[in-house]
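*Asks:* Here it is, the structure, as structure tokens.
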Amino acid sequence: MPTSSVFFGIQIRMYYDEHPPPHFHAYYEDFAISVSISNLVVLKGSFPPRALGMVMEWAFQHRQELENNWDLCEKHFPLEKVEPLR
């Protein structure tokens, strides 16, 4: 489970051999979500509102890097680290 970023206790991961649409997974405490990269919509799961806001802000800032990492995952290449939310 390649982790590309960690901030404020939130882990961002992408998995090899995933299904479309391009998405990432976020984990915080006992919560987990999958988020579409193209439109930043939660596909599955739930998060506390404040943590969800941080994930969405981070994803908006790093959408191109997330798209690039999705391409790397499809090729089974190591993910690039993405700067955390500050």
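*Asks:* Taking θ = phi - 60°, what integer Hz values does the Karplus form 6.51 cos²θ - 1.76 cosθ + 1.60 yield along segment 4-13, in sequence order, with x for Gly and Pro?
*Replies:* Values per residue, Gly and Pro as x: 9, 7, 9, 7, 6, x, 9, 10, 10, 9 Hz.
*Asks:* Which far-off residues, 5 or more places away or on another chain, put their amide H under 5 Å from the one on Phe47, with H placed in the peptide plane?
*Replies:* Those qualifying (amide H under 5 Å, at least 5 residues apart or on another chain) number zero.
*Asks:* Viscosity 0.692 mPa s, temperature 37 °C: what is the translational diffusion coefficient of segment 3-74 from Stokes-Einstein with a Kirkwood Rh over Cα pairs, rounded to a whole number of µm²/s? Walk me through the numbers before you get to the answer.
*Replies:* Numbers: Rh = 12.0 Å.
This corresponds to a translational diffusion coefficient of 273 µm²/s.
*Asks:* Something else now. Label-point separation (nm) for Lys81 and Phe31, each offset 7 Å from Cα along Cα-to-Cβ?
*Replies:* It is 2.6 nm.
*Asks:* Residue by residue through segment 74-86, what is 3J(HN,Hα) from phi via Karplus (6.51 cos²θ - 1.76 cosθ + 1.60, θ = phi - 60°)? Round to whole Hz and write x for glycine and proline.
*Replies:* In residue order, the calculated couplings are 4, 9, 6, 9, x, 6, 7, 5, 10, 3, x, 6, 10 Hz.
*Asks:* Counting only helical runs of four or more DSSP H residues, what would the 222 nm mean residue ellipticity of the chain come to if each run contributes -39,500 (n - 2.57) and the total is spread over all its residues? Numbers along the way, then the final one.
*Replies:* Numbers: 2 runs with 25 residues, N = 86.
Computed mean residue ellipticity for the chain: -9000 deg cm²/dmol.
*Asks:* Another question, then. What list of ³J(HN,Hα) values in whole Hz, one per residue of segment 61-70 in order, does the Karplus curve 6.51 cos²θ - 1.76 cosθ + 1.60 (θ = phi - 60°) give from phi, with Gly and Pro shown as x?
*Replies:* Rounded to whole hertz, the list is 5, 10, 4, 4, 5, 5, 4, 4, 5, 4.
*Asks:* Also: With 10 angstrom as the radius, rank Glu29, Glu74 by how many other C-beta atoms surround their C-beta, starting from the fewest.
*Replies:* On the way: Glu29 10, Glu74 14.
Final ranking by Cβ density, sparse to dense: Glu29, Glu74.
*Asks:* What number, in percent, do you get for the relative contact order of the chain if the mean sequence gap of Cα pairs under 8 Å and at least 6 apart is divided by its residue count?
*Replies:* For the chain, the relative contact order is 29 percent.
*Asks:* Give me Asp17, Asp71 sorted ascending by neighbouring Cβ count inside 10 Å, so fewest comes first.
*Replies:* Working: Asp17 7, Asp71 11.
Lowest to highest Cβ neighbour count: Asp17, Asp71.
FYI, it's all coordinate maths here, none of it is from the lab. Keep in mind it's a predicted model, so treat the numbers as computed, not measured. FYI the Cβ positions are ideal-geometry reconstructions off the backbone, even for glycines, and counts take in every protein chain you see.
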